[in-house]
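First comes the structure, then the notes that go with it.
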């Protein structure tokens, strides 16, 4: 048995435990109590033990894309993104995805729901120890997108899948996938993720086939004449197996459709803000009963896989949109970043909170030398004062997958930087 203890344990499904401890046996949590009852074991002073973050919408294969196209409108930014990633081979994408997985672990993330362009994220998560649902992306105007995208990528990374790294499928978005392809994906019987209602220009194209996206219409599927959410709902393609990323533009009727079909929504406030897409109606989604979580998206649109920054952005955005300081509390944000993500991925019985029987997916965070000590509220201190630099350890199934001051991972980092250099070199040649 392994025991970790700290000033506080924050279980999520229960009040914070002062002088708390967590006992681990065979990769699972066997007990949660005070250190007085369980013993101190490995003691972390000035620290808090949290459930590992569950990042339900990520793109590990874009870990070195930070800053690309900053300031461009969403459509041109997307086209730049597509053009650049075409320059990379599978080995380079795997190198980048390994860096992405490492950055997640460094940030206290123990589980990802990753939309994977080439399947490289599956290999990275298997090697570095992340828990994951890997949604292999597909694109196209008909059902042959499975043959072109899904089947080859699944075959190449099949050995990476396990009870810890699970397979899903991602029809990319209603503007890049036909309803026939969405239907073919649904018939696989796998978890599904897709991008929905992210930008105004996207909505205009889907409704009318007009607007700024006409400039690259040759890369898009025929518009359905309505919004993506309505089109999928009308076709019977929404359900509890679907995680919808973004939903920034969702109106009242669409929110009701998401709730009625028990669709989970991954809220990515930094990505939506930095791409100029807006602020998602988080309060309305939650009040409608939608399973909402907080997720980072990728460094292609945000600077990092930093769930602490993401929680703070979600709080600021919700309070600004609603003009109420209680629109999203720190406790709400922490739950959405942990148990909320687990619920979105259908993993709430395995991870997302600290409870006996669950996987020992844990993050140890130090608040030493911060303005939040002496302690008043460990949850507020965690959300407002936390950062990846303060993560001391990240455990998945009780195994330490990251320890501050431990392995340097220099070879892994150098390989990813080399891939970024190639992207930048190609960009310089074509500019």
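The values are calculated or read from the model by the stated rules, or taken from the named source; none is laboratory data. Quantities reported herein were computed from a predicted structural model and do not represent experimental measurements. Note that each Cβ is placed from the backbone with ideal geometry, even for glycine, and that neighbours are counted across all protein chains shown.
Of all the residues in region 184-193, those that are within 24 Å of the chain's Cα centre (by Cα) and surrounded by fewer than 19 Cβ atoms within 10 Å (Cβ to Cβ) number 3. Of all the residues in region 194-223, those that are without any contact (Cβ under 8 Å) to a residue 60 or more places away in the chain and surrounded by fewer than 16 Cβ atoms within 10 Å (Cβ to Cβ) number 6. State yes or no: is residue 412 out of contact with any helix residue (DSSP H, G or I) (no Cβ under 7 Å at 6 or more places or on another chain) and not assigned by TED's automatic domain parsing to the domain that holds residue 67? Criteria not met by residue 412. Mind checking which residues of region 378-392 are under 15 Å from residue 11 (Cα atoms) and without any contact (Cβ under 8 Å) to a residue 60 or more places away in the chain? 380 - this is the single residue of region 378-392 that is under 15 Å from residue 11 (Cα atoms) and without any contact (Cβ under 8 Å) to a residue 60 or more places away in the chain.
Determine, yes or no, whether residue 140 is in contact with a strand residue (DSSP E or B) (Cβ under 6 Å, 6 or more places away or on another chain) and farther than 20 Å from residue 53 by Cα.
Working: in contact with a strand residue (DSSP E or B) (Cβ under 6 Å, 6 or more places away or on another chain): no; farther than 20 Å from residue 53 by Cα: yes.
Answer is no for this residue.
Tell me which residues, restricted to region 263-289, are surrounded by fewer than 24 Cβ atoms within 10 Å (Cβ to Cβ) and touching a strand residue (DSSP E or B) at 6+ places or on another chain (Cβ under 7 Å). Residues satisfying the conditions are 285, 286. Counting only residues that are in contact (Cβ under 8 Å) with a residue 24 or more places away in the chain and assigned to a loop (DSSP other than H, G, I, E, B), region 145-186 holds 9 of them. The single condition among (1) in contact (Cβ under 8 Å) with a residue 24 or more places away in the chain; (2) touching a helix residue (DSSP H, G or I) at 6+ places or on another chain (Cβ under 8 Å) that residue 226 does not satisfy is (1). Being at pLDDT below 95 and either part of a helix (DSSP H, G or I) or not assigned by TED's automatic domain parsing to the domain that holds residue 133 (or both) is the filter; apply it to region 206-238 and report the residue that is farthest from residue 76 (Cα to Cα). Within region 206-238, the match that is farthest from residue 76 (Cα to Cα) is 218.
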